[in-house]
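Data first, discussion second: the structure below is written as C-alpha cells.
Every number in this text was worked out from the coordinates using simple rules, so none of it is lab data. Note that the coordinates shown come from a computational prediction; the quantities given were computed from them, not determined experimentally. Glycine also receives a Cβ, built like all others from the backbone with ideal geometry; neighbour counts cover every protein chain displayed.
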Amino acid sequence: MSVIDRVKDHFENQGVKKIEVAEWGEEGKPLIIYSTPMSMAEKRNLFKSAKDGDLGVMVDAIVLKSKDADGNKIFKLDDKKVLMNNADPEVIARVAGDILNTTPLDDIEKK
C-alpha cells in the first residue's frame, strides 16, 4: 500500500465521534451529537471566513458537523443566529472543541 493510500485509509477509519450534551437534552437524557472528523478542506473553509478573534467559527463547526444517529444534520444555517445569541457560550465552546478535536469515538469509549 502506498503512503498516500495509508494516509487516506487512516482518515477514513477514524470513525464517528459521539458527543453528549446534557444541557440540550430532554426527558433527563442528553442530546447525542454525532460528528465525523473534519477534513483539512473543511477546516480551511471554516477558518477562511473567520476574522481574528471571531468565535463564530465554533458555531459554524457545530452547524456543519452535528448529525443525529441516522446521519441527518441537526442544525440548519438559519440556526446560527440562535446559537450565537441565545445559547450558553460554555456549552458552545465545549461542543465545538469536541467536534474540532480528532479523537475517535472508539478511543473515547475506551477511557
Next on the checklist: Classify the chain from the C-alpha gyration tensor, please: rounded if a/c falls under 1.5, else prolate or oblate depending on whether a/b exceeds b/c.
Outcome noted: oblate
Checklist entry - What dipole magnitude, in Debye to the nearest 20, does the chain give about its Cα centre under +1 on Lys/Arg Cβ and -1 on Asp/Glu Cβ? => result 380 debye
Item to check | Positive-pole candidate from 1, 85, 36, dipole of the chain, charges at beta carbon | outcome: 1
Item to check | Contact order normalised by residue count of the chain, Cα under 8 Å, 6+ apart, percent | outcome: 28 percent
Checklist entry - In the chain, which helices (entire DSSP H runs) extend 15 Å or more along their own long axis, judged by Cα positions, while averaging at least 0.0 on the Kyte-Doolittle scale? => result 89-100
Next on the checklist: A 24 angstrom limit on the alpha carbon distance is what I want to check against. Which of 51/73; 18/48; 8/81; 48/81; 51/81 exceed it?
Outcome noted: 51/73; 18/48; 8/81
